[in-house]
Structure formats: C-alpha cells, structure tokens
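Report on the following structure.
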Ligand SMILES: Cc1cc2nc3c(=O)[nH]c(=O)nc-3n(C[C@H](O)[C@H](O)[C@H](O)COP(=O)(O)OP(=O)(O)OC[C@H]3O[C@@H](n4cnc5c(N)ncnc54)[C@H](O)[C@@H]3O)c2cc1C
C-alpha cells in the first residue's frame, strides 16, 4: 500500500525531508519504511509506558452525562447517546456476552474525580481512597489542574455539566471489536468528516455573520455556533434544513471543495488516519460472534483498509505527526512531576518517558510543521482548525458504545494535544505549551494506538501476501482432471470410454511428473479413483485371461517335452511367473 503523493519539502531547507524514492507519506516528510523501522525501535518502550505506569494507564474523562449536541429532538433527531446505538442484525440469536451491548461496556474499576476540597481532606497519597485498587499510585493518576484553557484543541467541560468525569483503566479496556455498527456509526463518521469543511470565513475577505439556529445552550452550542457563523455556509445550511428538517446541523454545503489547502488536507488526514486506526484495531482483535473466538479477521482488513491505500497512508501520516509532537515535548518533561506522592514511581516514569523521547529525537526529521499556517490566512485558519477539532471532540459524545466513546475521545484529545504542541507557538519555535495530565496521557496513548495499528497492518499485509502467493502457485500448478474426464462428453468414435479415460489420465500423470507439484484434494481423489479403476481392470482381465494363459503354458510345455522325446534341441521356456509390478498400475 503505497502513497504515491509527491514529496513535500521545506522550501527554505530542501534537505529537511530526505525522502525515499518510493512510498512517501506526503505532507509528513517520511517514507513508510522509515516509519516502520522507527516504530519497531520505539514500540517496546511505548508499550511499557502505557501499560506499566500508573500515570499513563488511567485516563480521566466525562463519559456519561454529556449530550450529543448534533442531533436534537426538535428536528426529530435524538440527542441521547442511547438513540445512536445501532448494532448488528439478529443479535438475539447469539449469547448475551457476545452481543454489542455487552462488548461495548466499560470494564475494571472506576473512580470519580474528587473536587479540590475532597483532595485536601484525603491527602496527596490517597485522593481516590483505593477505588482503582490498593496498589495503584493515586498521586500519579489524579489530575490537579483540571481546567481547559484558551489554547486547547480539547473540549473544556461545559459549565454546569455535572462532575469532572471518572478515572478508568485503559489497560482493562482495550480498543477492539465491539459490534458497534449501523446507521448510528455512519451518522457519527459523517458528522466528523463534515467538520472538514473549511469555510471562506477562515480567509480574510469573507466573514459575514448570519443568524443562528441555536437557542442559548451553553458553551458547547455557542462554540458550534461560532463555527457556523459564516455567511455563505450558514445560509446554505439554513436553506438545506428548511427542505430537510432531519439533517444534522453540521452538514455539507457544497462549498467544501473550495479553498483546498495544506491545513485542510492535514485535518482530513488526521481524522481519516484515526478512523483507519480504529478499523485496524477492530479487525485485529475481532470477535466471531457465533463461535466466541477472538482473533485477526483478514476479510475485515481487506474490506476496510487493504483496498484503500490512502487510508493506510493517513495512518502513517498520523504516526509522523504524533511522534513529532512527543519528540518535541520530550525535553520539557524532564522536570515534570508525574507522581507527586510517590517519588520512586515518579522517577521511574520520568526515566521511561525520557528514554522514549530522546530515542525518538535521534531519528531523522519526520514531520515538518513549519509548513503549516504560514501564509496570509495562517492565524485565522489556525483558529478554524482548532474549532473544528473541538467539534470532532464533541461529536464523540454521540458515539453510542462506551468503550468506543472512551477511545474516540482519548484519541481526539491525543491528536488535539499533538496539534497544540506543534502549532501553539510559532511553528518554528522549539517552545512547547505545558500540557495537562489528561493531555499527556491522551497523547502517549494515541501514539501507542497508532503504533499497534502499524504493526497490525504489517501483519495483515504479510497475511495477504501469503494468501496471494498461495493463490498464484495454485493457479500456476493447478492441474485439474481434464474436463473430458470430469464432465459429460462425446465419445470419440473408435475409442472406448475406458480408453478415453486412460488417455486423459496418462496425460494427467505425465503433466504431474514434469512439474514441481502438490496435489489438491480433488486431484488426489481423481488420482485414487484412477488407481482403483486400473487395479480392478487388471484383476478382472487377469481372471478372464487365466484359462487361456494356462492353455498356452500347457501347449508350450507339451511341445518342449515332445522336442526332448524325439531328440531335438529343447526351445527356451517363453513364460515365467512374476510378482505383479505396481508401476504397471
Ligand atoms: C468514534 C468511533 C469509535 C469507534 N470505535 C469502535 C471500536 O472500538 N470497536 C468497534 O468494533 N467499532 C467501533 N466503532 C464503529 C466502527 O468504526 C465502524 O463504524 C463500524 O464497524 C461499521 O463499519 P462500516 O463498515 O459501516 O464502515 P465505517 O468504519 O463506519 O466507515 C463509514 C464510511 O467512512 C468511510 N471510511 C472508512 N474508513 C475511512 C478512512 N480511514 N478514511 C476515510 N474514510 C473512511 C467509508 O466510506 C465508509 O463507508 C467506532 C465508531 C466511531 C464513530
């Protein structure tokens, strides 16, 4: 699966992106094999960090109690997550544990986020009072500063929204097949892709405000409003909604193809790459809902990804982007406190993170963020980009499966954090913003997700190659019994049916001998049948000929006795008793 896109190079420094001649991940300055090699080197450390440190193994998020802001009851569309749950058909025929409803549920312990007062009361060592398990270093898990600020690509909690979310274990809830599918998923993916409609308002000349279809709804809706507050796009949307009231608020207007630019392409690639990663995981850890067996589903991979090299290239693109962010962030984490109440765990976690980021820093440049947001439209485009990203994050509240929502939200936050690191300051600046705990956890786990996906895709590719080689060699060596043998045919005048079969069979055997050959089941069957036929013929013919042969022997022996009797030289015996030779058959 190669991306054949042209190479991107930094105009100011053409050597920044040393690109291999083939398989370029365009926009990201790296080749597939560079990224695969890098992934192999970094993967063990990344897995260790995300699985074996308390800091990175737990994530806090508001999974419940948030409304999906994109479908609402007024328009006959449900804003409740449960309405979006759509699963496979005929699920009632399979055991409950294999049904989507069950597979999508969160597993493992959960702990509510304690407010500042509770944290003070409980002390720094046990802010969660053992709710995640006694051996969990809680000071590594709890978020102290939990406000979202202006620079965020993430979604701040709406004011008035209840609670600050729960801590859940990422290790206990692997991202894998859940059976979540159908209209609900289509609607969500559609809405996410529609956020890619960068509008004219992102460009200096065209921002005229329209009226909003939203009543006052709080920050989430207001944010959405600001995205929609763009003359041409807004009017078109309102027009479209008058004609079809069930259409989601965020919708295609036809203006999307205008103003194609690098930033828009990057936005699309991030979303599509995330989609690829989700699909890869669900195909790699797939449940056969009728047998209950987990394992890779090659057909799932072929249907969703193998036929679409562009989707796979977007995954590589995301790897380059997120790894660049992690690398850039590395030095600023040297003094970061991962666990305030547990110095031993703190230094172990720090050492692991430093080992990973400095190793990644030794690699050649893989992503050149200085290309983005640099033209005249730069700053406003950046704003638009950010708002759209926040909307993608909100759309995740419409995902009707808890586990999918967990990973969907985490990954959106992870990409958001990566974009923040890469673009918050001057693109060329090595300064990086200070990230919150949640953002760090999301960033590293998102990288780990992409890393697993790359590995799974390589495995899948190898499986497809084996399958194709086998099919090729079967084609090459495929020696079928001739049609005349297996199908009804005209008997050639002058030849018995048995002779025809024999001729064809002999040819078949000759063909076999001249080739490096492994018979298939049907060929073996025909070969055995031919043998039975010839053995039967041999035996019956032997019985029929027996009296005649005995008579011939008797005559021959009598003539030899007569020759001896009258004094003539005795003729040599012309017959002998032989063991049957199997090769004759
Ligand atoms: C946020 C989110 C998280 C999810 N997490 C899980 C999960 O953890 N486990 C699970 O089993 N299911 C999960 N799902 C459901 C899963 O993603 C699919 O939607 C579902 O399996 C149905 O697949 P589908 O074949 O209809 O195509 P979908 O994957 O739903 O794709 C819909 C359409 O998008 C386009 N498309 C597909 N892939 C790409 C791509 N990479 N780039 C661009 N366009 C693309 C295609 O036109 C496709 O027809 C999740 C869904 C969402 C929205």
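The values are calculated or read from the model by the stated rules, or taken from the named source; none is laboratory data. Everything quoted here is computed from the prediction, not taken from an experiment. When we count neighbours, we look across all protein chains shown, and the Cβ atoms used for this are built from the backbone with ideal geometry, even at glycine.
The figures follow:
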| read-out | value |
| --- | --- |
| Qualifying positions in the range 523-573 - in a loop (DSSP other than H, G, I, E, B) and exposed (fewer than 10 other Cβ atoms within 10 Å of the Cβ) | 567, 569, 572 |
| Subset of the range 45-82 that is surrounded by fewer than 18 Cβ atoms within 10 Å (Cβ to Cβ) and at pLDDT 65 or above - its residue that is nearest to residue 342 (Cα to Cα) | 52 |
| Answer from 360, 320, 355, 351 - the residue that is in the same structural domain as residue 447 (by TED's automatic domain parsing), surrounded by fewer than 16 Cβ atoms within 10 Å (Cβ to Cβ) and in contact (Cβ under 8 Å) with a residue 40 or more places away in the chain | 355 |
| Any hit, the range 422-443, residues being within 16 Å of the ligand (Cβ to nearest atom), at pLDDT 90 or above and either in the same structural domain as residue 185 (by TED's automatic domain parsing) or in contact with a helix residue (DSSP H, G or I) (Cβ under 7 Å, 6 or more places away or on another chain) (or both) | yes |
| Any helices (runs of 4 or more DSSP H) falling wholly within the range 277-388 and containing at least 1 residues that are within 16 Å of the ligand (Cβ to nearest atom) and in contact with a helix residue (DSSP H, G or I) (Cβ under 8 Å, 6 or more places away or on another chain) | 298-301, 309-329 |
